[in-house]
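The values are calculated or read from the model by the stated rules, or taken from the named source; none is laboratory data. Just so it is clear, the structure is predicted and the values come from calculations on it, not from any experiment. Positions of Cβ are backbone-derived with ideal geometry, glycine not excepted, and every protein chain shown enters the neighbour counts. What goes into the accessible areas is simple: the full protein's heavy atoms, side chains included, and nothing from ligands, DNA or RNA. Shrake-Rupley method; radii C 1.70, N 1.55, O 1.52, S 1.80 Å.
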Amino acid sequence: MSFKVALSFEDGVTRFVNCGPTETVADASYKARINIPLDCRDGACGTCKSLCESGEFDGGDYIDDALTEDEAAAGFCLPCQMVPTSDLVVQIPTTSDVAKTTAAAHPATVTAVDRLAEGAFALTVELDDRAALAFLPGQYVNISVPGTDQTRSYSFSTGADAARLSFLIKYAEGGAMSEYLAQRCAVGDRLELTGPMGSFFLRESTRPLLLLAGGTGLAPVLSILETLATAGTTGRPIHLVYGTSFDTDVVYTDLLDEYTTRIPGMTWDLVVADPETVHPNSGYVTGLITPDHLHHGTADIYLCGPPPMVEAVRGHLDAEGLEVTHFYYEKFTPASAPADEQDAPAKVAASETGVVPADEPEVDAVLVVDTPAGGSSPAAPAALAPATAPVTPLPSAGARLVSRLPGDPIPSIEARPRGYTPPAPGTHPAAAHTPDTLAGIAARPDGHTPPVPGLFPAAGAVAEPRAPIAARPDGYTPPQVTRPTAATLATPRSETITSGPGVVSGEIHPTISHSDAQFDARMALELGVVELTMGRLDRARLSEFRMLAESANQYIDGDRFLDPEKFTAANSQFHEFLFRCTGNDALLQAYRLLEVTQVMNSVLPDARWVSQDIVPEHLEIVDAFETGDRDAASYLIRRHTAHAKATMRTAMDRQGLGAAS
Ligand code: FES
């Protein structure tokens, strides 16, 4: 049995090779005359290191210098050693040019051309050698325009296994392909397809899915839906928002209805920008995105639309504070047209691309572009029309859990047992990410005797007089304070863009700095909460705390996540517990306002590696509370934060390379 391996290059070109049952990916590539980066071919140098985006394989033999344990856990692989045990998608960290390969040409014959609507054609072709063209759902090919020397890029609208391949093509008056389809195209015409191309394709996942399609950007979404239907996808919430400019652009509604019966859990909405529409929803795609569609940050978003639509959706999510798990998008730019056509009206230059028009606000771009007399920018918030989806309300604070009644005496904090040494957590293996900067517990200053809890001066007692603030030195003018602007504030997401000719695909994920900031903030709050709760948890509370630790730990095995999503939920409960125990609503709300859980939901669902210290630290923190050791608890919370950040960084690194390839 052989397996199909998609080699996805940095420039958007994808080549497929067949791998025999004992064949390495490198050998199969070599046989296909694709020169992926190689040197030792022995698992020793790491030159071939790549990222396996989906599928299963036997990693083979190699040394740690070539591929560390962390890298392997994060999905990296060595093609010179790896033998597939399923179909794979491998991101090769070089361009197709360097690999001395190119997108393959596939001769084809037109079998049908249908005018689906006033502004849209369906073109169907049969390849001379269908088996020679494999593609991933969402990808596109370049198609030659008969009678011209031009090509256009179109996404497949059929599934990856379809015998005949179809494309959804927008009609743009004067466009080379549009005029060919409208006036000259006939069954039997010969075309040439080159590809497949693009990094906008459906990733292997079971997370909820939100699909957003603008105009003929519906094409790759149809390919994705067909693939999901054929695979028998069940139990995965899938929602599509399909937007067009006018009723006359609406196509394939029957097909979309059919998918709701073939894909359990799928729903879809149509929105038409024209206020005169006969359809129920008038407005913009952004207006129909609700927090429910994002499933508390666990949903994957795939968006194919014109550039203003992509920007509008991104702006909308940011403005509403809606977190996304993985955001994949594709937009076509004017560069998709040859130079002579770029000078022509935008309608000709870009609007007939198979995905979406790039800069043609009067066509698909009106989905999101508002062009009032004042001329607001397409991407400006003012252009987003009714894009004010409600923000997910904070969860209810729930019952206040207090460990003592008002007026009860505060129990004294037990002294640290003599000779207690906090257990030494394992050395974090991702040294590259987390140099050992974990400070030990600061020694208590000589001579300092901490006050006994409960013996602080009573409220109203006269405070010690404070020294006056020194006068400003003569002639000194403090530097002007520059307020941060939206542009200088750290963006909470990172973006990786892959560009082919005229096509821009991208992925958006949270940044490492944003993630680190959330965990540091949680640590700061937790250190304060230790002060308020240490020694004050009764036996029942301590049992509950341990139970929550064990509940979170069950989703980790050593340094492997068994179920990162369930871990994130259980871990959130564990960390929230002490805040609830304070009985201090302000602190509890401060914790809940942190985005730790959302960031974890954004990053961890694909993660495999987790710091092996996380599990013991959860239990040791509980131990510290049981023994009343405040210093140990504080120390462990600091270490735990470092290991949590390392886990997140490793997961984000994996996303980063995946996006970059
Ligand atoms: Fe050296 Fe693969 S080529 S490790």
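Quick rundown of the values:
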| quantity | calculated |
| --- | --- |
| Subset of the range 44-58 [within 15 Å of the ligand (Cβ to nearest atom) and assigned to a loop (DSSP other than H, G, I, E, B)] | ALA44, CYS45, GLY46, THR47, CYS48, LYS49 |
| Test: residue in the range 219-229 that is surrounded by fewer than 24 Cβ atoms within 10 Å (Cβ to Cβ) and part of a loop (DSSP other than H, G, I, E, B) | no |
| Selected residue (criterion: farthest from the ligand (Cβ to nearest atom)) from residues of the range 88-102 that are in contact with a strand residue (DSSP E or B) (Cβ under 6 Å, 6 or more places away or on another chain) and of a type in the set (A, V, I, L, M, F, W, C) | VAL89 |
| GLU56 being open to solvent by 60 Å² or more (accessible area, probe 1.4 Å) and not basic (Lys, Arg) | yes |
| Only one of VAL113, VAL90 that is among the β-branched types (Val, Ile, Thr), assigned to a strand (DSSP E or B) and more than 29 Å from the chain's Cα centre (by Cα) | VAL113 |
| Members of the range 216-245 that are out of contact with any Pro (no Cβ under 9 Å at 6 or more places or on another chain) and farther than 23 Å from THR124 by Cβ | GLY232, VAL241, GLY243, SER245 |
| Yes/no for TYR284 being open to solvent by 10 Å² or more (accessible area, probe 1.4 Å), touching a residue at least 60 places away in the same chain (Cβ under 8 Å) and on the phi > 0 side of the Ramachandran plot | no |
| Scope the range 26-67; condition in contact (Cβ under 8 Å) with a residue 60 or more places away in the chain, on the phi > 0 side of the Ramachandran plot and of a type in the set (D, E, K, R); matching residues | ARG33 |
| Wholly within the range 561-658, helices (runs of 4 or more DSSP H) carrying at least 3 residues that are of a type in the set (Phe, Trp, Tyr) and open to solvent by less than 20 Å² (accessible area, probe 1.4 Å) | 564-582 |
| Check on THR14, in contact with a strand residue (DSSP E or B) (Cβ under 8 Å, 6 or more places away or on another chain) and not in a strand (DSSP E or B) | no |
| Search result, residues across the range 177-199 that are open to solvent by 20 Å² or more (accessible area, probe 1.4 Å) and assigned to a helix (DSSP H, G or I) | GLU179, ALA182, GLN183, ARG184 |
| Qualifying residues in the range 17-30 (those that are among the polar types (S, T, N, Q) and out of contact with any Pro (no Cβ under 8 Å at 6 or more places or on another chain)) - the one nearest to the ligand (Cβ to nearest atom) | THR22 |
| Given (1) modelled with pLDDT under 90; (2) touching a helix residue (DSSP H, G or I) at 6+ places or on another chain (Cβ under 9 Å), index of the condition LYS100 fails | (2) |
| Of the criteria (1) under 17 Å from THR102 (Cα atoms); (2) modelled with pLDDT of 90 or more, which one VAL13 fails | (2) |
| The range 59-87, subset assigned to a strand (DSSP E or B) and within 14 Å of the ligand (Cβ to nearest atom), residue least open to solvent (accessible area, probe 1.4 Å) | CYS77 |
| Hits in the range 172-198 (condition: touching a Lys or Arg at 6+ places or on another chain (Cβ under 9 Å) and under 16 Å from ALA112 (Cβ atoms)) | MET177, LEU181, ALA182 |
| Residues of the range 131-165 classified as part of a strand (DSSP E or B) and open to solvent by 20 Å² or more (accessible area, probe 1.4 Å), total | 3 |
| Subset of the range 194-222 (residues that are modelled with pLDDT of 95 or more, among the hydrophobic types (A, V, I, L, M, F, W, C) and touching a Ser or Thr at 6+ places or on another chain (Cβ under 8 Å)) | LEU218, ALA219, LEU222 |
| Tally of residues being closer than 25 Å to ALA122 by Cβ and open to solvent by 10 Å² or more (accessible area, probe 1.4 Å) across the range 200-215 | 1 |
| From ARG41, ARG33, residue being open to solvent by 40 Å² or more (accessible area, probe 1.4 Å) and within 15 Å of the ligand (Cβ to nearest atom) | ARG41 |
| Subset of the range 99-120 [open to solvent by less than 40 Å² (accessible area, probe 1.4 Å), of a type outside the set (Gly, Ala, Ser) and over 14 Å from LEU165 (Cβ atoms)] | THR101 |
| Failed item, numbered, when THR14 is tested on (1) β-branched (Val, Ile, Thr); (2) within 15 Å of the ligand (Cβ to nearest atom); (3) open to solvent by less than 70 Å² (accessible area, probe 1.4 Å) | (2) |
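Condition check ((1) touching a Ser or Thr at 6+ places or on another chain (Cβ under 9 Å); (2) free of Cβ contacts under 8 Å to residues at least 24 places away in the same chain) across all residues:
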{"position": "ALA552", "(1), (2)": "yes, no"}
{"position": "ILE556", "(1), (2)": "no, no"}
{"position": "ASP559", "(1), (2)": "yes, no"}
{"position": "GLU565", "(1), (2)": "yes, no"}
{"position": "ALA570", "(1), (2)": "yes, yes"}
{"position": "GLN573", "(1), (2)": "yes, no"}
{"position": "CYS581", "(1), (2)": "yes, no"}
{"position": "ARG592", "(1), (2)": "no, no"}
{"position": "VAL599", "(1), (2)": "yes, no"}
